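K.L.:
Please see the structure below; I have some questions.
The values are calculated or read from the model by the stated rules, or taken from the named source; none is laboratory data. Keep in mind that this is a model prediction, so the values were computed, not measured. Cβ placement follows ideal geometry from the backbone for every residue including glycine, while neighbour counts extend to all protein chains displayed. Heavy atoms of the whole protein, side chains included, go into the accessibility calculation; ligands, DNA and RNA do not. Shrake-Rupley method; radii C 1.70, N 1.55, O 1.52, S 1.80 Å.
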Amino acid sequence: MALRLGDEAPNFTAETTEGTINFHEWLGNSWGILFSHPKDFTPVCTTELGTVAKITPEFQKRGVKVIAVSVDPLDSHKGWISDINETQKTTMNYPIIADPDKKVANLYDMIHPNALDNMTVRSVFVIGPDKKIKLTLTYPASCGRNFDELLRVVDSLQLTSKYKVATPANWKDGEDCIITPAVNDAEAKTLFPKGFKTIKPYLRYTPQPNK
Ligand code: BEZ
(Lines give C-alpha, C1' and ligand atoms only; values in the text may rest on other atoms or scores of the structure.)
Protein backbone atom coordinates (compact mmCIF):
# COMPACT_ATOMS: atom_id res chain seq x y z
CA MET A 1 0.00 0.00 0.00
CA ALA A 2 1.19 3.52 -0.76
CA LEU A 3 2.71 5.49 2.08
CA ARG A 4 0.46 8.12 3.61
CA LEU A 5 1.00 11.25 5.66
CA GLY A 6 1.83 10.31 9.24
CA ASP A 7 3.18 6.86 8.33
CA GLU A 8 6.66 6.00 9.50
CA ALA A 9 9.22 6.49 6.72
CA PRO A 10 10.45 2.94 5.99
CA ASN A 11 14.03 2.26 7.01
CA PHE A 12 16.57 0.67 4.67
CA THR A 13 20.27 0.13 4.17
CA ALA A 14 21.68 1.25 0.83
CA GLU A 15 24.80 2.14 -1.11
CA THR A 16 25.17 5.84 -1.81
CA THR A 17 27.73 8.08 -3.46
CA GLU A 18 28.89 8.90 0.09
CA GLY A 19 29.09 5.29 1.35
CA THR A 20 26.65 2.78 2.78
CA ILE A 21 23.91 4.24 4.98
CA ASN A 22 21.20 3.02 7.28
CA PHE A 23 18.51 5.59 6.45
CA HIS A 24 17.16 6.17 9.96
CA GLU A 25 20.67 6.39 11.43
CA TRP A 26 21.68 8.78 8.65
CA LEU A 27 18.64 10.97 9.42
CA GLY A 28 19.42 11.03 13.15
CA ASN A 29 17.19 13.65 14.77
CA SER A 30 17.06 15.84 11.67
CA TRP A 31 14.29 16.58 9.27
CA GLY A 32 14.92 14.78 5.97
CA ILE A 33 14.01 14.95 2.30
CA LEU A 34 14.19 11.80 0.20
CA PHE A 35 13.61 12.55 -3.45
CA SER A 36 13.73 10.32 -6.51
CA HIS A 37 14.59 11.13 -10.10
CA PRO A 38 13.88 8.88 -13.09
CA LYS A 39 17.32 8.39 -14.58
CA ASP A 40 20.93 9.54 -14.49
CA PHE A 41 22.33 11.36 -17.53
CA THR A 42 18.95 12.86 -18.45
CA PRO A 43 18.38 16.59 -18.89
CA VAL A 44 15.69 17.55 -16.38
CA CYS A 45 17.19 15.34 -13.66
CA THR A 46 20.58 16.99 -14.20
CA THR A 47 19.06 20.43 -13.57
CA GLU A 48 17.16 19.17 -10.53
CA LEU A 49 20.08 17.59 -8.71
CA GLY A 50 22.26 20.62 -9.49
CA THR A 51 19.59 22.98 -8.19
CA VAL A 52 19.40 21.09 -4.91
CA ALA A 53 23.21 21.20 -4.57
CA LYS A 54 23.10 24.99 -4.94
CA ILE A 55 20.49 25.48 -2.21
CA THR A 56 21.90 22.95 0.27
CA PRO A 57 22.85 25.81 2.68
CA GLU A 58 19.14 26.71 2.83
CA PHE A 59 18.27 23.13 3.82
CA GLN A 60 21.09 23.10 6.37
CA LYS A 61 19.79 26.35 7.90
CA ARG A 62 16.49 24.56 8.45
CA GLY A 63 18.14 21.41 9.84
CA VAL A 64 17.07 19.30 6.85
CA LYS A 65 19.22 16.50 5.39
CA VAL A 66 18.68 15.84 1.69
CA ILE A 67 19.22 12.59 -0.20
CA ALA A 68 18.42 11.58 -3.79
CA VAL A 69 17.62 8.14 -5.19
CA SER A 70 17.18 6.42 -8.53
CA VAL A 71 17.40 2.83 -9.71
CA ASP A 72 20.70 3.50 -11.48
CA PRO A 73 23.81 1.73 -10.13
CA LEU A 74 26.50 3.44 -8.07
CA ASP A 75 29.07 3.78 -10.88
CA SER A 76 26.44 5.56 -13.00
CA HIS A 77 25.71 8.06 -10.20
CA LYS A 78 29.44 8.66 -9.70
CA GLY A 79 29.99 9.26 -13.41
CA TRP A 80 26.98 11.57 -13.66
CA ILE A 81 28.08 13.82 -10.77
CA SER A 82 30.83 15.40 -12.87
CA ASP A 83 28.22 16.30 -15.53
CA ILE A 84 25.97 17.82 -12.86
CA ASN A 85 28.86 19.86 -11.50
CA GLU A 86 30.00 20.99 -14.94
CA THR A 87 26.63 21.87 -16.48
CA GLN A 88 24.93 23.29 -13.38
CA LYS A 89 28.02 25.17 -12.13
CA THR A 90 27.90 23.59 -8.70
CA THR A 91 29.51 20.91 -6.56
CA MET A 92 27.40 17.94 -5.52
CA ASN A 93 27.23 17.98 -1.74
CA TYR A 94 24.65 15.38 -0.72
CA PRO A 95 24.37 11.62 -1.31
CA ILE A 96 22.59 9.82 -4.14
CA ILE A 97 21.28 6.34 -3.31
CA ALA A 98 21.99 3.60 -5.86
CA ASP A 99 18.92 1.38 -5.95
CA PRO A 100 19.39 -1.03 -8.88
CA ASP A 101 17.43 -3.78 -7.10
CA LYS A 102 14.57 -1.26 -6.53
CA LYS A 103 14.44 -1.88 -2.80
CA VAL A 104 13.98 1.77 -1.84
CA ALA A 105 11.84 2.52 -4.91
CA ASN A 106 9.40 -0.24 -3.97
CA LEU A 107 9.36 0.60 -0.25
CA TYR A 108 8.37 4.17 -1.14
CA ASP A 109 6.14 3.25 -4.12
CA MET A 110 8.22 5.40 -6.45
CA ILE A 111 7.69 3.28 -9.57
CA HIS A 112 4.39 4.06 -11.27
CA PRO A 113 4.20 1.68 -14.26
CA ASN A 114 1.51 3.74 -16.01
CA ALA A 115 3.80 6.77 -15.88
CA LEU A 116 7.33 5.41 -16.25
CA ASP A 117 7.95 1.73 -16.64
CA ASN A 118 10.71 0.55 -14.27
CA MET A 119 12.00 4.01 -13.45
CA THR A 120 11.24 6.11 -10.40
CA VAL A 121 8.92 9.07 -10.94
CA ARG A 122 9.81 12.42 -9.36
CA SER A 123 8.75 11.68 -5.78
CA VAL A 124 9.48 13.77 -2.70
CA PHE A 125 9.08 12.65 0.89
CA VAL A 126 9.56 15.21 3.66
CA ILE A 127 10.26 13.36 6.90
CA GLY A 128 10.09 14.83 10.40
CA PRO A 129 12.54 14.22 13.26
CA ASP A 130 10.06 11.59 14.51
CA LYS A 131 10.66 9.68 11.21
CA LYS A 132 7.04 10.26 10.17
CA ILE A 133 6.12 11.36 6.65
CA LYS A 134 4.99 15.00 6.76
CA LEU A 135 4.52 15.77 3.06
CA THR A 136 4.72 14.00 -0.28
CA LEU A 137 4.91 15.27 -3.86
CA THR A 138 4.75 13.31 -7.11
CA TYR A 139 5.71 14.86 -10.43
CA PRO A 140 5.98 13.27 -13.88
CA ALA A 141 9.32 12.99 -15.68
CA SER A 142 8.47 15.91 -17.95
CA CYS A 143 8.16 18.41 -15.11
CA GLY A 144 11.16 19.49 -13.06
CA ARG A 145 10.33 20.36 -9.48
CA ASN A 146 10.37 23.80 -7.90
CA PHE A 147 12.80 23.40 -5.01
CA ASP A 148 12.03 26.88 -3.67
CA GLU A 149 8.57 25.45 -3.05
CA LEU A 150 10.19 22.65 -1.08
CA LEU A 151 11.93 25.21 1.15
CA ARG A 152 8.62 27.01 1.55
CA VAL A 153 6.77 23.87 2.66
CA VAL A 154 9.57 22.97 5.07
CA ASP A 155 9.15 26.45 6.63
CA SER A 156 5.43 25.81 6.95
CA LEU A 157 5.82 22.27 8.32
CA GLN A 158 8.39 23.33 10.90
CA LEU A 159 6.35 26.36 11.99
CA THR A 160 3.06 24.47 12.27
CA SER A 161 4.71 21.65 14.21
CA LYS A 162 5.50 24.16 16.99
CA TYR A 163 2.57 26.60 16.96
CA LYS A 164 -1.19 26.19 16.62
CA VAL A 165 -1.24 27.89 13.25
CA ALA A 166 -1.69 26.92 9.62
CA THR A 167 -0.27 28.75 6.61
CA PRO A 168 -2.53 30.22 3.90
CA ALA A 169 -2.25 29.85 0.14
CA ASN A 170 1.07 31.08 -1.25
CA TRP A 171 2.32 31.88 2.27
CA LYS A 172 6.01 32.63 2.64
CA ASP A 173 8.18 32.72 5.75
CA GLY A 174 7.52 35.98 7.60
CA GLU A 175 3.92 36.46 6.45
CA ASP A 176 0.79 36.30 8.55
CA CYS A 177 -0.52 32.87 9.55
CA ILE A 178 -3.97 31.46 10.19
CA ILE A 179 -5.03 30.44 13.69
CA THR A 180 -6.24 26.84 13.59
CA PRO A 181 -10.01 26.43 14.11
CA ALA A 182 -9.48 24.25 17.23
CA VAL A 183 -8.16 27.34 19.07
CA ASN A 184 -10.95 29.53 20.49
CA ASP A 185 -10.65 33.31 20.75
CA ALA A 186 -9.85 33.26 24.48
CA GLU A 187 -7.00 30.79 23.94
CA ALA A 188 -5.83 32.73 20.87
CA LYS A 189 -5.40 35.87 23.02
CA THR A 190 -2.94 33.98 25.23
CA LEU A 191 -1.19 32.03 22.48
CA PHE A 192 -0.75 34.96 20.11
CA PRO A 193 0.18 38.04 22.14
CA LYS A 194 0.82 40.05 18.96
CA GLY A 195 -2.95 39.89 18.41
CA PHE A 196 -5.12 38.59 15.61
CA LYS A 197 -7.55 39.85 13.01
CA THR A 198 -10.91 38.11 12.57
CA ILE A 199 -12.21 38.12 8.98
CA LYS A 200 -14.75 35.35 9.70
CA PRO A 201 -15.04 33.37 12.94
CA TYR A 202 -13.11 30.56 11.16
CA LEU A 203 -10.62 32.85 9.38
CA ARG A 204 -8.31 34.60 11.82
CA TYR A 205 -4.88 35.96 10.91
CA THR A 206 -1.99 36.49 13.30
CA PRO A 207 1.59 37.65 12.71
CA GLN A 208 3.97 34.72 12.35
CA PRO A 209 4.53 33.70 16.00
CA ASN A 210 8.25 32.87 15.80
CA LYS A 211 9.32 36.19 14.21
C1 BEZ B 1 14.71 13.99 -17.83
O2 BEZ B 1 15.23 14.10 -16.71
O3 BEZ B 1 14.83 14.86 -18.67
C4 BEZ B 1 13.92 12.76 -18.16
C5 BEZ B 1 14.11 11.58 -17.45
C6 BEZ B 1 13.38 10.45 -17.78
C7 BEZ B 1 12.46 10.50 -18.78
C8 BEZ B 1 12.25 11.69 -19.47
C9 BEZ B 1 12.98 12.82 -19.16
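K.L.:
From the P(r) of the range 1-121, can you give the percent of Cα pairs sitting at distances over 22 Å?
P.N.:
Every Cα pair in the range 1-121 considered, those over 22 Å come to 32 percent.
K.L.:
Continuing with the same structure: Could you please state how large a percent of the accessible area of the range 88-203 is carbon and sulfur, counting protein chains only and using a 1.4 Å probe?
P.N.:
52 percent
K.L.:
Taking N as the number of residues in the range 100-179, what value does Rg over Cα atoms divided by 2.2 N^0.38 Å take?
P.N.:
Output field value: 1.32.
K.L.:
For the chain, what does the helix formula give at 222 nm: sum of -39500 (n - 2.57) over DSSP H segments with n ≥ 4, over the residue count, nearest 500 deg cm²/dmol?
P.N.:
Calculated at 222 nm, the ellipticity per residue is -9000 deg cm²/dmol.
K.L.:
Please report the antiparallel percentage of the DSSP beta bridges confined to the range 13-150, to the nearest 5.
P.N.:
65 percent
K.L.:
Mind checking the per residue accessible area of the range 27-134 for me, 1.4 Å probe, whole number of Å²?
P.N.:
41 Å²
K.L.:
Averaging over every viewing direction, what projected area does the convex hull of the Cα atoms of the chain cover, in nm²?
P.N.:
That works out to 12.8 nm², a quarter of the Cα hull's surface.
K.L.:
Turning to a different aspect of this structure: Looking at the range 1-89, which GluC sites (Glu not before Pro) are DSSP coil and have at most 16 other C-beta atoms within 10 Å of their C-beta?
P.N.:
Glu18
K.L.:
Per residue, how much accessible area does the range 163-206 have with a 1.4 Å probe, in Å²?
P.N.:
With all protein chains present, the range 163-206 gives 66 Å² per residue.
K.L.:
A follow-up question, please. Aspartates and glutamates near Lys211 by alpha-carbon distance under 17 Å, same-chain residues fewer than 8 away left out - which ones?
P.N.:
Partners found: Asp155, Asp173, Glu175, Asp176.
K.L.:
Output the relative contact order of the chain, whole-number percent, from Cα pairs under 8 angstrom with separation of 6+ residues.
P.N.:
That works out to 20 percent.
K.L.:
Now a separate question. Need the list of lysines near Lys89 for cross-linking: C-alpha distance under 22 angstrom, and skip anything on the same chain fewer than eight residues off.
P.N.:
Straight-distance partners of Lys89: Lys39, Lys54, Lys61, Lys65, Lys78.
K.L.:
Given that compact globular proteins tend to follow 2.2 N^0.38 Å, what is the ratio of the alpha-carbon Rg of the range 163-206 to that value?
P.N.:
Ratio of Rg to 2.2 N^0.38 Å for the range 163-206: 1.05.
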